[in-house]
Amino acid sequence: AQSVTQPDARVTVSEGASLQLRCKYSSSVTPYLFWYVQYPRQGLQLLLKYYSGDPVVQGVNGFEAEFSKSNSSFHLRKASVHWSDSAVYFCAVRNSGGSNAKLTFGKGTKLSVKS
Amino acid sequence: EAAVTQSPRNKVAVTGGKVTLSCNQTNNHNNMYWYRQDTGHGLRLIHYSYGAGSTEKGDIPDGYKASRPSQENFSLILELATPSQTSVYFCASGTNTGQLYFGEGSKLTVL
């Protein structure tokens, strides 16, 4: 069974500072990995995805993530955060094999950006 | 514009009553999902579907049924609602590689 752990429930950073949100996954096969963002009173939106190839993937609004098979991790990064980045961020995993389209989410990390 | 729309957006129900949450997608995706979101639990998968006529159990299916009468529509049914089912419910449609498109959520309160 696949699973996702986001060890930090809340993260607070100052505007302009760098950011890393952590994600560890468990999967029996090479996974497909995702980061989604949820702004207040909205549904989730895709930030970026990793299927294969270059372990560093770029997303929207300056976000990037790095896949590490050895560490079973897919951490999200941003060089300089803006107050509008305040939101809840979810890491998700899907097994790459077979036709099972089930996506499993972590519990989320609430990011607060202070000015 | 392609979208996932949910109705109702807010619902107050009584314990033991029947609740139906509806979802419509114009993305023409085969896959559709129902999740619930609760503080401390993140998103948990209730039911999902590979296409019209199919439904599959997710991680927490107890107390819920699902119906997929067409490519566009996917409903979540609570036959006998309980206060523990008070939550925010999200519908999503998705590609086979796992990219999901979410609705804006339905807030359900069971008294």
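The values are calculated or read from the model by the stated rules, or taken from the named source; none is laboratory data. Only a predicted model underlies this, so the values are computations on that prediction, with no experimental measurement involved. Cβ sites come from the backbone with ideal geometry, for glycine too, and all protein chains shown count toward neighbours. The protein model used for the area step is the full one, side chains on, heavy atoms only, and it has no ligands, DNA or RNA in it. Shrake-Rupley method; radii C 1.70, N 1.55, O 1.52, S 1.80 Å.
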Scan region B:73-109 for residues that are over 15 Å from B:Val12 (Cβ atoms), exposed (fewer than 15 other Cβ atoms within 10 Å of the Cβ) and over 15 Å from the mean Cα position of the chain (by Cα) and jot them down. B:Leu80, B:Ser84, B:Thr95, B:Asn96, B:Thr97
Where A:Ala9 falls short, out of the listed (1) surrounded by fewer than 21 Cβ atoms within 10 Å (Cβ to Cβ); (2) within 11 Å of chain B (Cβ to nearest Cβ); (3) on the phi > 0 side of the Ramachandran plot: (3)
Condition set within 14 Å of chain B (Cβ to nearest Cβ) and open to solvent by 70 Å² or more (accessible area, probe 1.4 Å), scope region A:46-57, selection nearest to B:His41 (Cα to Cα): answer is A:Lys49
Do the conditions hold for A:Tyr36, that is, is it among the hydroxyl-bearing types (Ser, Thr, Tyr), crowded, with 19+ Cβ neighbours inside 10 Å and touching a residue at least 12 places away in the same chain (Cβ under 8 Å)? yes
Being within 14 Å of chain A (Cβ to nearest Cβ) and not small (Gly, Ala, Ser) is true for just one of B:Ile77, B:Ile60. Which residue is that? B:Ile60
Looking at B:Ser22 and the list (1) within 11 Å of chain A (Cβ to nearest Cβ); (2) under 10 Å from the mean Cα position of the chain (by Cα); (3) open to solvent by 10 Å² or more (accessible area, probe 1.4 Å), which single condition is not satisfied? (1)
All positions within region B:25-55 that are over 22 Å from B:Ala81 (Cβ atoms), open to solvent by 40 Å² or more (accessible area, probe 1.4 Å) and in contact with a strand residue (DSSP E or B) (Cβ under 7 Å, 6 or more places away or on another chain): B:Tyr50
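Could you pull out the residue among A:Val88, A:Val29 that is of a type in the set (Val, Ile, Thr), in contact (Cβ under 8 Å) with a residue 24 or more places away in the chain and surrounded by 14 or more Cβ atoms within 10 Å (Cβ to Cβ)?
A:Val88
Rundown of residues vs (1) in contact (Cβ under 8 Å) with a residue 24 or more places away in the chain; (2) in contact with a strand residue (DSSP E or B) (Cβ under 9 Å, 6 or more places away or on another chain); (3) surrounded by fewer than 17 Cβ atoms within 10 Å (Cβ to Cβ), yes/no style:
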| site | (1), (2), (3) |
| --- | --- |
| A:Tyr25 | yes, yes, no |
| A:Gly59 | yes, yes, no |
| A:Trp83 | yes, yes, yes |
| A:Asn95 | yes, yes, no |
| A:Ala101 | no, yes, no |
| A:Phe105 | yes, yes, no |
Number of the condition not met by A:Lys49 [criteria: (1) within 23 Å of B:Asn30 (Cβ to Cβ); (2) within 14 Å of the chain's Cα centre (by Cα); (3) not in a strand (DSSP E or B)]: (3)
The conditions are (1) in contact (Cβ under 8 Å) with a residue 40 or more places away in the chain; (2) of a type outside the set (Asp, Glu); (3) within 14 Å of chain A (Cβ to nearest Cβ), and B:Thr82 fails exactly one of them. Which is it? (3)
Being within 14 Å of another protein chain (Cβ to nearest Cβ), within 14 Å of the chain's Cα centre (by Cα) and not aromatic (Phe, Trp, Tyr), is that true of even one residue in region A:61-84? no
So B:Pro61, is it of a type outside the set (Val, Ile, Thr) and either under 22 Å from B:Thr39 (Cα atoms) or surrounded by 19 or more Cβ atoms within 10 Å (Cβ to Cβ) (or both): yes
Filter result (in a loop (DSSP other than H, G, I, E, B), open to solvent by 80 Å² or more (accessible area, probe 1.4 Å) and either within 14 Å of chain A (Cβ to nearest Cβ) or in contact with a helix residue (DSSP H, G or I) (Cβ under 9 Å, 6 or more places away or on another chain) (or both)) within region B:2-14: B:Arg9
